[in-house]
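**Student:** My structure is below; once you've seen it, I'll send some questions.
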Amino acid sequence: MVANIAIAVLLALCVLSTAICCLALILVKDVFNRMHYLAPVTSFSVLALLAAVALQNGWSQGTIKTILILLVLFLVNAVLTHATARAARVRQFGHWLPHPKEHILGAPHGPSSQL
Amino acid sequence: MLVLQATILIFVAITATAVVFTRQPVRQVVGLSFYGIILGLLFFILQAPDVALSQITIGAVALPLMFMLSLAKIRRDAEERKRREESEHRREAA
Amino acid sequence: MNAWLMGADVLLFTLVPCGIAVFRGNAIERLVALEMAGIVQTILLVFLAEAFHRPSTYDLALAMALLTFGGGLVFARFLERWL
Amino acid sequence: MNRRVRRWFFLICACAIFGLFVSAVRQMPTFGHYRGPYGDILNRETVYERHITDVVTAVNFDWRGIDTLGEESILFLSVIGTLVLLRKPSSEVNDSHDENDTADKRKGREIPLPSAATRVATLGLVGPLVVFGLYIVAHGHLTPGGGFQGGVILATAPLLVYLAGDLKSFKRIANHETVQIGEALGLLGFLILGLPGMIRGGAYLRNVLPLGTSGHVFSGGMIAPINVCTGVAVSAGLVAVTYVFLEHTLETRLRGRR
């Protein structure tokens, strides 16, 4: 009984966070702001989902596969966001390094500098 | 269960129409990829996981890659033709 | 009607904002929405596999998680290079 | 035919097709009510007779294996057709491409290398993807999936290597001759696997291997070897098609970089 309630709460958290992030996707205007909303889904939502699956099934095939899903999404989504942001900057400015007028802390200046 | 089936069928109809009405090819490919996602869900909800897995694997990487390669090729050919026409035009003018 | 099926119902409707975003704006904005839809679908497939009591269909969610990255990367690489 | 005539023509045709469509839909069986006898029989018999837990795979590779052989040949033929259509005419090979290279180096059109993070993550994902593809192929008779799905996942691995910006490595992994030989071997293996059944006096593609315990990896008789052959053929075919596409589209553009 307690386990069922815990599962329901975890699932509600997962669904709610996903829904908020999806809504933010159309409410926020700038692309670079939009990309941030991919991160909570891949970390928090999937973590809540993993907890719910583990509570429901114990140590089983489903739990192991959900752990793998969490690992893949968590590690790879950051890189995917980075690649997308780079593509957006390349399309906007022609290169992805900071514009001379931009002042980004710790970033090299100009398209000529090497990374 | 019934809610799921009805909703996903309506989604498929709306998404397919939206893909058809997208005019620019690159944007259309993105829409098509989304349509593939919805279609995979439809197959799974109608209890056909084998077909859904086929749809997911094909629609995720292979299909967009083919479309993007074709679009890149078309764009390259168009650029080349334009450049050739320009150079011929210049030669005629000289 | 268990909690998983209800969660799947609600999650299905969170695909609506993703769908609206996929069909609006320029190519990169659409791409971000597509990546979001892929992640939501991964979660949704886990929900459905658990709701149908078929543990072997967790494979679909795992395949989706592995392949969303490839799909997003295809678009990102081609949009920044050639199209 | 001007715009107005065309619109009327379309409207009349659309109305006619809509009428046919409605009449067709009215005669369909109601949603979710399956009327044929075969589905029920298969659902009842498959696990007991063939020791396979995934009925779809059993239907594809056992009950109607010869149809699947036909489908596989269709795939093979379409890949061959694509390879023939996109082969390079010899006159194009030594064409001067200097103009293209300079065009690519125009401002705003430089080819950026993928960043280190993308390369590491992509190449790190190749190994898990190969393992997952092999798992899907090997467990075709137990879980959803099989030769086709697993083959596509396996073919995605070299594509990821290309997406990491390493066209050279892609060409080394997916050596064109090797890939073509692999595709042919996949189809040949399927064809040969049908023969033992005939030698033992039965029909083509008849099961000759022990059936094993249902639910184990080594069960289902001939389905696992046939799945492996299909996986090899599908992945090799997909890689071959992508290879010729890439060669046709991007080869000349990349010459300046290497």
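**Student:** Which of the residues that make up region C:45-73 are under 23 Å from B:V3 (Cβ atoms) and at the interface with chain B (Cβ under 7 Å from one of its Cβ atoms)?
**Tutor:** C:L45, C:L48, C:T57, C:L60, C:M64
**Student:** Restricting attention to region C:20-44, and to residues there that are open to solvent by 10 Å² or more (accessible area, probe 1.4 Å), facing chain B (nearest Cβ under 8 Å) and assigned to a helix (DSSP H, G or I), which single residue is farthest from B:G36 (Cα to Cα)?
**Tutor:** Checking each candidate, the answer is C:R30.
**Student:** Starting from residues that are touching a helix residue (DSSP H, G or I) at 6+ places or on another chain (Cβ under 9 Å) and among the aromatic types (F, W, Y), keep the ones in region D:13-37 and report whichever is farthest from D:N207 (Cα to Cα).
**Tutor:** D:F31
**Student:** Go through region D:217-230 and count every residue that is open to solvent by less than 40 Å² (accessible area, probe 1.4 Å) and either of a type in the set (S, T, Y) or not in a helix (DSSP H, G or I) (or both).
**Tutor:** Total meeting the criteria: 5.
**Student:** Oh, and also: Looking at C:E80, C:E35, can you tell me which residue is at pLDDT below 95, under 25 Å from B:P25 (Cβ atoms) and under 11 Å from the mean Cα position of the chain (by Cα)? Give the derivation first.
**Tutor:** Working: C:E80 fails: under 11 Å from the mean Cα position of the chain (by Cα).
Answer to the check: C:E35.
**Student:** Taking the criterion of being within 20 Å of C:N2 (Cα to Cα) and more than 9 Å from every other protein chain (Cβ to nearest Cβ), would at least one residue in region A:55-62 satisfy it?
**Tutor:** Yes, the conditions are met somewhere in region A:55-62.
**Student:** Name the pairs: first residue in region A:17-42 and surrounded by fewer than 22 Cβ atoms within 10 Å (Cβ to Cβ), second residue not in a helix (DSSP H, G or I) and not small (G, A, S), Cβ to Cβ under 6 Å, at least 6 apart or on different chains?
**Tutor:** A:A24/A:Y37
**Student:** So which helices (runs of 4 or more DSSP H) are wholly in region D:120-210 and hold at least 3 residues that are surrounded by fewer than 20 Cβ atoms within 10 Å (Cβ to Cβ)?
**Tutor:** Result: D:167-173, D:176-193, D:195-199.
**Student:** Still on this structure: What are the residues in region A:51-80 that are open to solvent by 10 Å² or more (accessible area, probe 1.4 Å) and over 17 Å from C:L66 (Cα atoms), if any?
**Tutor:** Residues satisfying the conditions are A:A51, A:A54, A:L55, A:Q56, A:N57, A:G58, A:W59, A:S60, A:Q61.
**Student:** Quick check, is D:S214 open to solvent by less than 20 Å² (accessible area, probe 1.4 Å) and part of a loop (DSSP other than H, G, I, E, B)?
**Tutor:** So D:S214 fails the test.
The values are calculated or read from the model by the stated rules, or taken from the named source; none is laboratory data. Predicted model only: the values in this text are computed from it and were never measured. Glycine gets a Cβ as well: all are built from the backbone with ideal geometry, and neighbour counts include every protein chain shown. Calculation scope for accessible area: heavy atoms of the full protein, side chains included, ligands and nucleic acids excluded. Shrake-Rupley method; radii C 1.70, N 1.55, O 1.52, S 1.80 Å.
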